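What follows is one structure encoded as structure tokens, with my remarks underneath.
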Amino acid sequence: MVEPGNVDENKRATLRRFAVMGAATPLAKFADTDRTGERSEARDAIAGYVTTTPGAHFSKVRDDLQLGTGETQHHLRQLVEASVVESHRDGDYRRFFPAGQFSAFEQVALSYLRRETPRGMLIELLRNPDATGSDLASALDVSRPTVSKYAADLDEKGLLSREDGYAARHPETLITLLVRYADSFDANAEQFAGEAAELISFDP
């Protein structure tokens, strides 16, 4: 059983870890203070978290940093107003990015790479450009209709071509994003990052 004090210490350690990153971002130029005139550790932590986990949606930011809903909303609003963070609407989600660091395509790509099945599909196609819909369904342990649904979404957003089978669009950009932020995705992405040197010149 985890003692309440240990929970608080874990939260503080998490906030401190990301706050260090946040203080090194453009946030350092922002008068980020609370009512006492002190820097807000929570706001620094959110800025650091968004820097290392671009494309995270609100609930993930809140839950991973163990913050309250109102607290997270307040600090994100302040960061957006200060042009430290920007947001992108992704269906039912609003996703957050360090301001001015990603193109529109990269923001869309990161939004879909934050979803388990689309990310898995793109990784499989980068590994094996000849993979069929059935191959993807088998590799990801999902149904063929699920693959078809996400393939249509990815095609519409410019991340996938369905003209002659399935092919990842802008593969080098996708590889770069997967490698740079591998540890913010999952074990499959981390494994893929280790293979990426052989794929960086991939030309579908």
### Query
With the contact rule set at Cα under 8 Å and sequence spacing of 6 or more, what percent relative contact order holds for segment 105-198?
26
### Inter-site label distance for GLU116 and ALA187 at 7 Å from Cα along Cβ, in nm
1.3
### Task
Beta carbons within 10 angstrom, averaged per residue: use that to sort the peptides 110-121, 88-99, highest first.
110-121, 88-99
### Task
Compute the length gained on full extension between ARG180 and GLU81: take 0.36 nm times their separation in residues and subtract their Cα-Cα distance, giving the result in nm to one decimal.
32.9 nm
### Ratio Rg/Rh [Cα only; Rh per Kirkwood] for segment 66-132
1.11
### Task
At 37 °C and 0.692 mPa s, grab the translational diffusion coefficient of segment 55-204 from Stokes-Einstein with a Kirkwood Rh over Cα pairs, rounded to a whole number in µm² per second.
202
## Note on the structure
If the label point sits 7 Å along Cα→Cβ of ASN128, residues of segment 159-184 with amide N under 17 Å come out as 165-168
### Message
Can you give me the % of accessible surface on segment 105-198 that is carbon or sulfur? Probe 1.4 Å, all protein chains present, nothing else counted.
### Response
40
### Query
With each pseudo-label sitting 7 Å past Cα toward Cβ, what's the ASP135-THR69 distance in nm, one decimal?
4.4
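The values are calculated or read from the model by the stated rules, or taken from the named source; none is laboratory data. Values in this document were obtained by computation on a predicted structure and should not be read as measured data. A quick note on method: Cβ atoms are made from the backbone with ideal geometry, for glycine too, and the neighbour counts reach across all protein chains shown. Please note that ligands, DNA and RNA were not included when accessible areas were found on the heavy atoms of the full protein model with its side chains. Shrake-Rupley method; radii C 1.70, N 1.55, O 1.52, S 1.80 Å.
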